[in-house]
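Quick note: the coordinates plus some simple rules give every number you see, no bench work behind them. In this text the structure is predicted, and so the values were computed from the model without any measurement. Counting neighbours? That spans all protein chains shown, and the Cβs are built from the backbone with ideal geometry, glycine included.
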Amino acid sequence: MFIHTSIRTSNIDRSIEFYTNFLGLKLIDRKEIPQNNAEIAFLRDPKAQGSILELTFYRNQKDFIQPKYEKRLFDHLAFKVKNMKKIIKLLKAANITITDEPFKLGSEGTLIAFIEDPDGTLIELIEKN
């Protein structure tokens with residue numbers, strides 16, 4: 001059984017704020033992990049229908065550089081959104097990086113866009129009709 005996905009963050013408070021304020025996730029747990037000098041936070045959609053996102057902050061991590069797009073091993077997270085136009089407007093107002101403006105997959109297809117979280121993790125936004 002698939003349980004969750006974990007991504008690293010350089011600032012756990014900033015990441016929690018991003019994922020709760022812009023993508024509607026709810027913080028369900030947050031704790032210290034003294035064995036590796038880290039802190040983790042678990043977030044999930046309020047209806048508990050989707051997968052759980054774990055944010056991991058390692059205090060001893062000195063470098064936090066996201067590789068260029070072509071060199072990344074982890075591709076992206078995906079979130080379903082109700083109103084693409086509205087969320088893109090909010091993200092732009094907050095100076096969030098929009099890497100790909102909304103576009104349709106085919107003439108009648110799903111509307112998608114790509115953004116980056118505060119640490120450069122790529123996120124796909126999906127609006128289905």
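Side notes on the structure shown:
- Where GluC sites (Glu not before Pro) fall in DSSP loop in the stretch 27-129, at most 16 other Cβ within 10 Å: 108
- If you take all other residues with their beta carbon under 15 Å from the beta carbon of residue 46, and give Lys and Arg +1 and Asp and Glu -1, the sum is +3.
- 5 Å binning of all Cα-Cα separations within the stretch 1-60, expressed as whole percents from 0 upward: 4, 19, 30, 25, 13, 7, 1
- The long axis of helix 84-93 is offset from the longest Cα principal axis of the chain by roughly 50 degrees.
- For the chain, the longest principal axis of the Cα atoms and the long axis of helix 12-21 meet at an angle of about 30 degrees.
- Distance violations [Cα-Cα > 27 Å] among 68/128; 62/92; 92/128; 26/85; 62/82: 68/128; 62/92; 62/82
- Free of any trypsin sites (Lys or Arg not before Pro) that DSSP assigns to a loop and that have at most 13 other C-beta atoms within 10 Å, the longest stretch within the chain is 1-46.
- Listed options for volume of the Cα convex hull per residue in Å³ are (i) 96; (ii) 135; (iii) 248. The value calculated from this structure is the one marked (ii).
- Available extension along the chain between residue 2 and residue 36 is 9.9 nm, counting 0.36 nm per residue and deducting the alpha carbon span.
- Label-point gap, in nm, between residue 97 and residue 13 - each point 7 angstrom along Cα→Cβ: 2.3
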